[in-house]
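All of the numbers you see were taken from the coordinates with simple rules; none came from a lab. All of these numbers come straight from a predicted model, not from anything done at the bench. When we count neighbours, we look across all protein chains shown, and the Cβ atoms used for this are built from the backbone with ideal geometry, even at glycine.
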Amino acid sequence: MSVTRKLATPLGLEEAFEAVQDLTAFPIVQIDTPLILLAIQRSGKAKVSFWDALILEAALIAGATVLYSEDFKDGAVVGRLRVTNPFR
């Protein structure tokens, strides 16, 4: 686990476990054929990479209203999803 070894100040095993446990509160979106097809369509329409389109589609399916990313235009709106650059 990288957070317990590769960070400048690694997390202890208990801290890492708790951090991962906290993430279980979020819904998991399974990458399946319908999601892949949606991402392919969005990639063509929105002129973004397939992988970025996959992130957008997964966030929409999960019901997210905010996507934190430095890779998309800050303030962009996709459906009900608003992109926010956390480093801006």
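Structure data summary
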item: Relative contact order (%) - criterion: Cα under 8 Å, at least six apart; region: region 19-58; result: 37 percent
item: The chain: most fluctuating residue of Leu60, Leu38, Leu13 per GNM, C-alpha cutoff 10 Å; result: Leu13
item: Viscosity 1.306 mPa s, 10 °C: Kirkwood-radius Stokes-Einstein D of region 2-69 over Cα pairs, µm²/s; result: 113 µm²/s
item: Choice from Ala46, Ala19, Ala62 showing the highest fluctuation, given a GNM over the chain with Cα pairs closer than 10 Å; result: Ala19
item: For region 31-88, the spread of Cα positions along each principal axis, largest first, Å; result: 34, 22, 16
item: Under 14 Å from the Ile61 label point (7 Å along Cα→beta-carbon), backbone N, region 25-40; result: 27-40
item: Gaussian network model of the chain, springs between alpha carbon atoms under 10 Å - residue of Ala16, Ala53, Ala39 with greatest fluctuation; result: Ala16
item: Separation of the Val29 and Glu14 label points, Cα + 7 Å toward Cβ, nm; result: 3.6 nm
item: FRET E, pair Lys45, Lys73, Förster distance 22 Å, beta-carbon r, rounded to 0.05; result: 0.90
item: GluC sites (Glu not before Pro) restricted to the chain and DSSP loop, no more than 12 other C-beta within 10 Å; result: Glu70
item: Total charge dipole magnitude, the chain, about the Cα centre, Cβ charges on Lys, Arg, Asp, Glu only, Debye to nearest 20; result: 480 debye
